[in-house]
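Presented below is the structure to which this report refers.
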Amino acid sequence: MAIHCRAESSSLDDLHIDWYKDGRLVTTDPNARIITEFMALHVINTMPQDAGVYYCVAKNSFGQTQSRKARIQFLSMLSNLSLLIIFFCCCRT
């Protein structure tokens with residue numbers, strides 16, 4: 001799963017992006033299953049517990065702004081352990 005955040009600034013030097021899931025700051029996990037890459041959040045081997053409401057906060061020396069929220073739903077796990085994921089992006093905050 002990958003979620004992208006779009007932020008614009010006159011200077012990207014001090015731009016910082018934080019990701020949140022269900023109102024809590026997302027941190028990378030020790031086995032590198034969750035990776036933040038500047039304006040993207042990647043979740044490798046998505047699991048049912050990864051479902052939730054995600055958003056990003058862009059910060060720089062002039063202030064901060066929050067993105068719209070995206071609701072990620074896990075629908076089912078196939079019998080061969082492959083995952084079927086459907087993303088529903090909610091445009092309301």
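Points worth noting:
- Cβ crowding within 10 Å averaged over residues, with 61-67, 34-40 ranked highest first: 34-40, 61-67
- Full extension of the chain segment joining GLN73 with ILE35 gains 11.8 nm, where the gain is 0.36 nm per residue of separation less the Cα-Cα distance.
- Sorted by Cβ density within 10 Å, fewest first, the residues CYS5, CYS56: CYS5, CYS56
No lab work stands behind these numbers, since they all come straight from the coordinates. Keep in mind that this is a model prediction, so the values were computed, not measured. Note that we place each Cβ from the backbone using ideal geometry, even for glycine, and neighbour counts take in every protein chain shown.
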